[in-house]
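The values are calculated or read from the model by the stated rules, or taken from the named source; none is laboratory data. Keep in mind the model is a prediction, meaning the values are calculated, not measured. We place every Cβ from the backbone using ideal geometry, glycine too, and count neighbours over all the protein chains shown.
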Amino acid sequence: MAADDRSGMLKEAGLAALVAFALAFGLVGFKTEDVPGGLAIVLRFGDVAMIAGLAFVGRLALALLRRGRPRPALSMALPFAIVMLILLLAEEVPLPAADWGRFLPFASPVVNWLIFIAAFAIAGRAGWTLWCESAAPGTEERHRIMGRIGARARRTARVLGPIIFVVALVLPLFPFADRRILDIAILVLTYIMLGWGLNIVVGLAGLLDLGYVAFYAVGAYSYALLATYFGLGFWICLPFAGVMAAFAGILLGFPVLRLRGDYLAIVTLGFGEMVRIILLNWYEFTNGPDGISGIPRPTFFGLAFQRTAPEGVETFHSFFGLAYSPIDRIIFLYYLILILALITNLFTLRIRKLPVGRAWEALREDEIASRSLGINPRNTKLTAFAIGAMFAGFGGSFFATRQGFISPESFTFIESAVILSIVVLGGFGSQIGVVLAAVLLIGMPEFFRELHQFRMLAFGAAMVLIMVWRPAGLLAHREPTIRLDGGGRSAAAGQ
Amino acid sequence: MSSMLRVSGIHTFYGNVEALRGVDLEVNKGEIVTLIGANGAGKSTLLMTVCGNPRAARGRVVFDGVDITGMETHAIVRLGIAQAPEGRRIFPRMTVIENLQMGAIASDPEYFDEDVERIFGQFPILKERRDQRGGTLSGGEQQMLAIARAMMSRPRLLLLDEPSLGLAPKLVKQIFAVIKEINEQRNVTVFLVEQNAYHALKLAGRGYVMANGRILLSGASSELLANKQVRAAYLEGGH
C-alpha cells in the first residue's frame, strides 16, 4: 500500500470522525433530564466518543473499499459485524450470570441494530467484490447497477403488487398483528391512499399541488359537521365528503388554470393554509382550535362496534354471536381504509387508459401539443384537481371517523409535504412506488419511535439516501398504457 | 373549387410587436398550398393564429364556412384541422403507439386500429418502433411521428410547420412524398409552411411568399419557381 494512499485514507476517515464528533457533541453530548426540582443536564461524552470512533472505522472501511482493497475492509467489518450480532442476540435471550449488553456500543437496541446492519453491509460489499474479483464500483457503475436493480424491481412490480395485496389482506389474521401494528398499518394505508390521490394530480396531470391537505381537511370537516349537526352516519357522509372536496378542488382549480410549475405550487400552498386558517377562525361553525369531538364511529351495515349498543342499534358481536373484543373495531377500520385505498388505486389504473387519463398525461408532457390535438386544457386540469381532491375527501372522512376528534392542527402544511414526499420518493406516477415510499416514510418513523428526538434525523437520512441512490424516485418508471401484441419490447427495454 | 381555409386581413400582435400586418390567404379543398419566407417573416405566427393561439387582433379566419377567429385551440382542432406544430412536439416519454393514441384522443375510437394500420403502412419505421419512447427516435422518425399523430384525428385540413427542419435531404424527400400521398389518397388539404422553398414549391400547387408579416407574392408554384425575385431571395445559393 502506497504511503500517500494510506495517509489519504486516514485523512478521509479522520475528517469523517471530526464531522461526526462536531455533530454529535451538540446533538448527543448533552441531554436534559427531568429530575426533582427542575431540569438537569446529563453529559454523554462516552457516546460522543463512540460515535466519532465508529465514524472513523466505518469511513476507513469504505475508503478501503473504494480504493479497491476489499480484503482489509472485510477483515475489519466482518468480525465486528459478527461480534455485534452475537452480543445483540445474547441480549435478546438473556444468558445467566452475564450482562452482555454492557459490551454493546449504545444503550438503544435500534441504534445497535443499525450499526450492525451498516457493518454487515460493508462486509457484504467487500465480500461481494472479492467474490467477483473486480474493483469496487465507481459512481457510474453504481448508477448502472441501481438502474438494473430498478429495472428488475419493475419486472417484479407485477408480482410485488399482488404479493403486497395478499399480505395486506391477511395482515389482521397474523398473531403478531396487535393493536399497535394495526394502528400503524391503518396510518400507512391512509397515507398510501392520499399518495395515490395526489399522484393523480401531481404524477399524472403534472400539476404540483402543495396544498393537498386542504381537501383532506374539507373531507374530514364535511363528515364531522354533518354528523354532529344533523346526526348523519358515516356511510351517507362518505360520498358527500368526496363531493365537497371535489368541489373545493374545482374552486382551487379555476384561479390556477393559467399557472404552472413554481407559481402553481405557491398558490396551492396558499390555498392549503387558507383552508386551515378558516377552520381555525370560524369559531361558530367549526369550533375553531377546540376542534370537533364525539364524531360517530362507522358501522358495519348498521352494526355498531361497541360493548353495549344504544337503543335501537344492534352491535357487531351480538349479531354474529361473538364475544366482544375491542380489536374488532380496529380490524374493521383497517379493512375499510384498505378498501378505500384499493378503490383509489383501481380507479387510477383504469382512468389512465381512458381518454381523460390520457389527456392528463399529455398535458403533463406538453400543453401546447395537447391543445393542438384537441385536448381542452381547462376541463382536463379541473377534472384532475376535482378527482384528486375527491379521494383526499374520502380519506379525510375516514380520518375523522377513525380519530373521533379533529382539529385544524391535523391539517398543517407538513402533512401536504409528507404526502408529496411519498409521491416524489415513490417516483412520480408509480403506484407501487407510493406504497413503498409510504411504508418507508410513515412506517419507519413509527418503528424508530424509540429514537425519540432523533427520529426525524433518521427520517431525513433516509430521504437523503433515496435521493442519492434513486434521484428520480424509488420506482421511477412510466408503464405504457398500451402495447400491441407484446411485440417490439426489446427496443423499449433500455428505457 | 370551394374554399377550405380563408384568412382575411389578419393582424396579430405579440405584446406591442405586430407580427402579422394584414394577411390575406386562401386554401382550397384538395390543394397543397405552401407558405414560404425567411426566418421571422411571420409564417409560424400565421399558422398559430389559424389555431387560435395567439388570437388575431383584427381580421377573420374561416374554416370550411365556419368563422373560427375567436375560438379556442382545442375547439378549432376538433372541427377537423390537424396540426404538426413547430418543433414536432411529440410526447417524448410516451411510446410511439401512445403518441398515436394521443392524436386520436378527440376522435371516434372505432377507427383507431384501422388508422394505426394505415399509418404503419405509410411509415414502416414507426411500426418497428411502436413500443419505443418518442424521445429516443431520430429527428426524421420524430417528424414522421408528428405527422402521423396529426393524421390520427382524420383531419380535413393538415397544417405543417417546417417538416423539413433539421432533416437530411434524403429524409426531406421521403417526408414530402408522404405528404403528397396523404393529400392524394386521403383527400386531405395541406397547408405547408416551409423555409425549404424549392422542395415546398415542387410539392405544392400554389404558394405564398411572406416577408415582414405581409404576403409579398402569390401564385402557382411553377410561376413562383420561375420568378426572379423569388429565385434571388429564396432559391439561389442551394436549397
**Q.** Residue list for segment A:292-328, restricted to those being over 30 Å from A:ALA177 (Cβ atoms) and either modelled with pLDDT of 85 or more or among the aromatic types (Phe, Trp, Tyr) (or both)
**A.** A:ILE292
(Q) Any residue that is crowded, with 22+ Cβ neighbours inside 10 Å, more than 7 Å from chain A (Cβ to nearest Cβ) and modelled with pLDDT under 90 - is there at least one of those in segment B:99-110? (A) no
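The rows are residues; the columns are (1) assigned to a strand (DSSP E or B); (2) of a type in the set (A, V, I, L, M, F, W, C); (3) out of contact with any His (no Cβ under 6 Å at 6 or more places or on another chain).
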{"position": "B:MET4", "(1), (2), (3)": "yes, yes, yes"}
{"position": "B:HIS11", "(1), (2), (3)": "yes, no, yes"}
{"position": "B:VAL27", "(1), (2), (3)": "yes, yes, yes"}
{"position": "B:LEU35", "(1), (2), (3)": "yes, yes, yes"}
{"position": "B:THR45", "(1), (2), (3)": "no, no, yes"}
{"position": "B:THR49", "(1), (2), (3)": "no, no, yes"}
{"position": "B:ARG60", "(1), (2), (3)": "yes, no, yes"}
Q: Within segment A:373-420, work out how many residues are surrounded by fewer than 19 Cβ atoms within 10 Å (Cβ to Cβ) and among the charged types (D, E, K, R).
A: 2
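I'm trying to understand the selection: among the residues of segment A:1-12, which are aliphatic (A, V, I, L, M) and either out of contact with any helix residue (DSSP H, G or I) (no Cβ under 7 Å at 6 or more places or on another chain) or modelled with pLDDT of 90 or more (or both)?
Hits for segment A:1-12 are A:MET1, A:ALA2, A:ALA3, A:LEU10.
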Q. Taking the condition part of a helix (DSSP H, G or I) and either under 19 Å from A:LEU354 (Cα atoms) or not assigned by TED's automatic domain parsing to the domain that holds B:ALA75 (or both), does B:ILE105 pass?
A. no
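Please determine whether any residue of segment A:28-46 is touching a residue at least 24 places away in the same chain (Cβ under 8 Å) and not in a strand (DSSP E or B).
No, segment A:28-46 has no match at all.
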(Q) Of the residues B:MET94, B:MET71, only one is surrounded by fewer than 19 Cβ atoms within 10 Å (Cβ to Cβ) and over 30 Å from B:VAL230 (Cα atoms); which? (A) B:MET71
Q) Can you pull out the residues in segment A:351-368 that are buried (at least 24 other Cβ atoms within 10 Å of the Cβ) and either small (Gly, Ala, Ser) or modelled with pLDDT under 90 (or both)? A) A:ALA359, A:ALA362
Q | strands (runs of 3 or more DSSP E) wholly inside segment B:153-229 that include at least 1 residues being within 13 Å of the chain's Cα centre (by Cα) and surrounded by 21 or more Cβ atoms within 10 Å (Cβ to Cβ) | A | B:157-161, B:189-194
Q. Of all residues in segment B:70-98, which are at the interface with chain A (Cβ under 9 Å from one of its Cβ atoms) and acidic (Asp, Glu)?
A. B:GLU72, B:GLU98
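For every residue, the table says whether it meets (1) modelled with pLDDT under 70; (2) within 14 Å of another protein chain (Cβ to nearest Cβ); (3) more than 30 Å from B:GLU128 (Cβ to Cβ).
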{"site": "A:GLY429", "(1), (2), (3)": "no, yes, no"}
{"site": "A:VAL435", "(1), (2), (3)": "no, no, yes"}
{"site": "A:LEU441", "(1), (2), (3)": "no, no, yes"}
{"site": "A:MET444", "(1), (2), (3)": "no, no, yes"}
{"site": "A:GLN453", "(1), (2), (3)": "yes, no, yes"}
{"site": "A:ALA462", "(1), (2), (3)": "no, no, yes"}
{"site": "A:HIS477", "(1), (2), (3)": "yes, yes, no"}
{"site": "A:GLY488", "(1), (2), (3)": "yes, yes, no"}
Q: Restricting attention to segment A:335-350, report how many residues are surrounded by fewer than 17 Cβ atoms within 10 Å (Cβ to Cβ) and within 15 Å of A:THR481 (Cα to Cα).
A: 3
Q: Identify all residues within segment B:131-155 that are more than 11 Å from chain A (Cβ to nearest Cβ) and closer than 22 Å to B:VAL190 by Cα; write none if there are none.
A: B:GLY139, B:GLY140, B:GLU141, B:GLN142, B:GLN143, B:MET144, B:LEU145, B:ILE147, B:ALA148, B:MET151, B:ARG154
Q.
I'm checking my understanding of the structure. Among residues of segment A:101-128 that are in contact with a helix residue (DSSP H, G or I) (Cβ under 7 Å, 6 or more places away or on another chain) and outside any helix (DSSP H, G or I), which one is surrounded by the most Cβ atoms within 10 Å (Cβ to Cβ)?
A. A:LEU104
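Looking at A:THR308, A:THR315, which is the one that is free of Cβ contacts under 8 Å to residues at least 12 places away in the same chain, among the hydroxyl-bearing types (Ser, Thr, Tyr) and more than 14 Å from every other protein chain (Cβ to nearest Cβ)? Talk me through it step by step, then tell me what you get.
Details: A:THR315 fails: free of Cβ contacts under 8 Å to residues at least 12 places away in the same chain.
Being free of Cβ contacts under 8 Å to residues at least 12 places away in the same chain, among the hydroxyl-bearing types (Ser, Thr, Tyr) and more than 14 Å from every other protein chain (Cβ to nearest Cβ) holds for just one of A:THR308, A:THR315, which is A:THR308.
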Q: Return only the number of the condition from (1) within 17 Å of B:ARG78 (Cα to Cα); (2) of a type in the set (Gly, Ala, Ser); (3) more than 9 Å from chain B (Cβ to nearest Cβ) that A:ALA369 does not satisfy.
A: (3)
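Table: residues versus (1) in the same structural domain as A:GLY429 (by TED's automatic domain parsing); (2) closer than 29 Å to A:ALA472 by Cα; (3) at pLDDT below 85.
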position: A:GLY101; (1), (2), (3): no, no, yes
position: A:SER108; (1), (2), (3): no, no, yes
position: A:ASN112; (1), (2), (3): no, no, yes
position: A:ALA135; (1), (2), (3): no, yes, yes
position: A:ALA153; (1), (2), (3): no, yes, yes
position: A:VAL167; (1), (2), (3): no, yes, no
position: A:ASP183; (1), (2), (3): yes, no, no
Q: Among residues belonging to segment B:47-69 that are within 14 Å of chain A (Cβ to nearest Cβ) and among the β-branched types (Val, Ile, Thr), point out the one that is farthest from B:PHE13 (Cα to Cα).
A: B:ILE68
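If I ask for residues that are touching a strand residue (DSSP E or B) at 6+ places or on another chain (Cβ under 9 Å) and in a loop (DSSP other than H, G, I, E, B), which ones from segment A:306-322 would you list?
A:GLN306, A:ARG307, A:THR308, A:ALA309, A:PRO310, A:VAL313, A:GLU314, A:PHE320 - these are the residues of segment A:306-322 that are touching a strand residue (DSSP E or B) at 6+ places or on another chain (Cβ under 9 Å) and in a loop (DSSP other than H, G, I, E, B).
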Q: Please note which helices (runs of 4 or more DSSP H) are completely contained in segment A:223-301 and include at least 1 residues that are surrounded by 15 or more Cβ atoms within 10 Å (Cβ to Cβ) and of a type in the set (Ser, Thr, Tyr).
A: A:261-281, A:283-286
